[in-house]
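Notes follow the structure.
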Ligand SMILES: O=c1ccn([C@@H]2O[C@H](COP(=O)(O)O)[C@@H](O)[C@H]2O)c(=O)[nH]1
């Protein structure tokens, strides 16, 4: 089961964190953009080429200490066809370097269309009798608020090809409570969605107690994070909101179980923009990203403890 592979990577690196690859052009060192623009022009192709070089350098700098990357599709789609190719190449490169890849697309639609999303991001597609892997990520973020029709098509692909999903449960944004904190009877909406994850996860049991259906729960809501950890014992958490959104180590402490497992904490801007924050030579952007990844790892491990199977 794919989230078993993620858990094994976390234990091997002793690092329950994921580097978010949300590359805005502003985050890239200028020398790298100039080189790409000189080769491809100051256009979408130039931007996409610069981002690919940047991503590959970051993957090289992080792959031995960080178990996973989370490229957010929006940052690639905004550069059109070339941007989407860069997404594809980034996924392939990170996997080649042994990293677990979570495609952050927050996809959802009705049954047959969801099947198409499942095929695109996690599955294989048939063309005239031959099978092709369109993007080949290990896991996909999913919006489950259309209900089971929008999630079940993914479960078949996950089972067949050893993939996982992370369903939005309690998101990190300031307005997440407008809907998610509302009540259905005596339970909150996010609690109901969390229970649905536990139910869906029964189809994808894992070796270490966590199913292939994970949940997205924000670091910016520490109480809800701790509450959900207790209520959802088989659901692994993807926790955004650390760093740039204000979440800290003490806020995510409640996401972990007694084995130091149960969650992986994301930082995107914190790692991507580390070189700007350090105010170091822009050519040392990978060194700064690595230093920030190590600082974050040590910060999170100080509350999660050692990860063991
Ligand atoms: O509830 C959610 C769900 C997803 N995200 C995504 O995580 C990263 C966070 O980036 P930072 O720069 O570390 O803030 C980004 O891709 C979001 O789309 C989230 O923040 N909250």
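The values are calculated or read from the model by the stated rules, or taken from the named source; none is laboratory data. Computed from a prediction, not measured in an experiment: that's the story for all the values here. Cβ placement follows ideal geometry from the backbone for every residue including glycine, while neighbour counts extend to all protein chains displayed.
Summary table below
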| item | result |
| --- | --- |
| Considering residues of region 271-285 that are farther than 13 Å from residue 243 by Cβ and touching a residue at least 12 places away in the same chain (Cβ under 8 Å) only, the residue nearest to the ligand (Cβ to nearest atom) | 276 |
| Among (1) at positive phi; (2) assigned to a strand (DSSP E or B), the one test that residue 126 misses | (1) |
| Qualifying position, being under 23 Å from residue 105 (Cβ atoms) and at pLDDT 95 or above, among 61, 38, 48 | 48 |
| Some residue of region 258-270 being surrounded by fewer than 23 Cβ atoms within 10 Å (Cβ to Cβ), within 16 Å of the ligand (Cβ to nearest atom) and at pLDDT 95 or above | yes |
| Flag if residue 136 is more than 16 Å from the ligand (Cβ to nearest atom) and more than 22 Å from residue 68 (Cβ to Cβ) | no |
| Checking residue 169 against (1) within 16 Å of the ligand (Cβ to nearest atom); (2) under 29 Å from residue 56 (Cβ atoms); (3) outside any helix (DSSP H, G or I), the condition it does not meet | (2) |
| Per-region count, region 27-79, residues more than 15 Å from the ligand (Cβ to nearest atom) and assigned to a helix (DSSP H, G or I) | 26 |
| Qualifying residue in region 232-247 (condition: more than 16 Å from the chain's Cα centre (by Cα), on the phi > 0 side of the Ramachandran plot, more than 10 Å from the ligand (Cβ to nearest atom) and free of Cβ contacts under 8 Å to residues at least 40 places away in the same chain) | no |
| Any hit, region 213-227, residues being away from the ligand (no atom under 11 Å from the Cβ) and under 18 Å from residue 101 (Cα atoms) | yes |
| Close pairs from region 170-192: first under 22 Å from residue 233 (Cα atoms), partner more than 16 Å from the ligand (Cβ to nearest atom) and in a helix (DSSP H, G or I), Cβ under 6 Å, at least 6 apart | 184/192 |
